[in-house]
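*Asks:* Before anything else, here's the structure in question.
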Amino acid sequence: MKNLVVVLAVALGSLFSVNAQDMKMNKTISLEQTKGEFTQKQITVDEGTYTFEIANNAVGHDVGFVLVKKGEDISKPENHIQTAYVTKAVGTGLKQTSKPTKLAKGEYVYFCPLNPTSTDNILTVK
């Protein structure tokens, strides 16, 4: 019985340690929207896992966030990186975040169909 308790304690400790490391590895990309545009047009980051934080700066209605691998058809939801969607529409003066999203090397396009913003905003992952 003692051995079982020790094994369970070690297993749980390892699990929490891995989760803590994953949380440390998760970084945030903060983007701000104003009427009809993102204030940041081009961003370059390293490969990794990121959470997107979207701020609505006086747009006057809810906004969102869509991320698509460059070259994919942005009008097709199946091409959207759904973990990058904000978990809730972003009201005026508020911020919302996405789920953690793993980004591989390459270029991505980001936009907001609710605002609507241009589709020439580029996120480069090196």
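The values are calculated or read from the model by the stated rules, or taken from the named source; none is laboratory data. Note that the structure is predicted; figures quoted are calculated from it, not measured. Here Cβ is always computed from backbone atoms with ideal geometry, including for glycine, and neighbour counts include all displayed protein chains. Each accessible area value is taken on the protein alone, full model and side chains, heavy atoms only, with ligands, DNA and RNA left out. Shrake-Rupley method; radii C 1.70, N 1.55, O 1.52, S 1.80 Å.
*Asks:* Do we find that LYS69 is in contact (Cβ under 8 Å) with a residue 24 or more places away in the chain and loosely packed, with under 14 Cβ neighbours inside 10 Å in this structure?
*Replies:* So LYS69 does not fit the description; no.
*Asks:* Something else about it: I want to confirm something. Restricting to the stretch 101-117 and keeping residues that are in contact (Cβ under 8 Å) with a residue 60 or more places away in the chain and touching a Phe, Trp or Tyr at 6+ places or on another chain (Cβ under 7 Å), which single residue is most open to solvent (accessible area, probe 1.4 Å)?
*Replies:* THR117
*Asks:* For the stretch 97-110, what are the residues that are under 10 Å from the mean Cα position of the chain (by Cα) and over 13 Å from ILE43 (Cβ atoms)?
*Replies:* Those that are under 10 Å from the mean Cα position of the chain (by Cα) and over 13 Å from ILE43 (Cβ atoms): THR97, SER98, LYS99, PRO100, THR101, LYS102.
*Asks:* Please pick out the residue among THR34, THR51 that is modelled with pLDDT of 95 or more, surrounded by 15 or more Cβ atoms within 10 Å (Cβ to Cβ) and over 19 Å from SER98 (Cβ atoms).
*Replies:* Result of the check over THR34, THR51: THR34.
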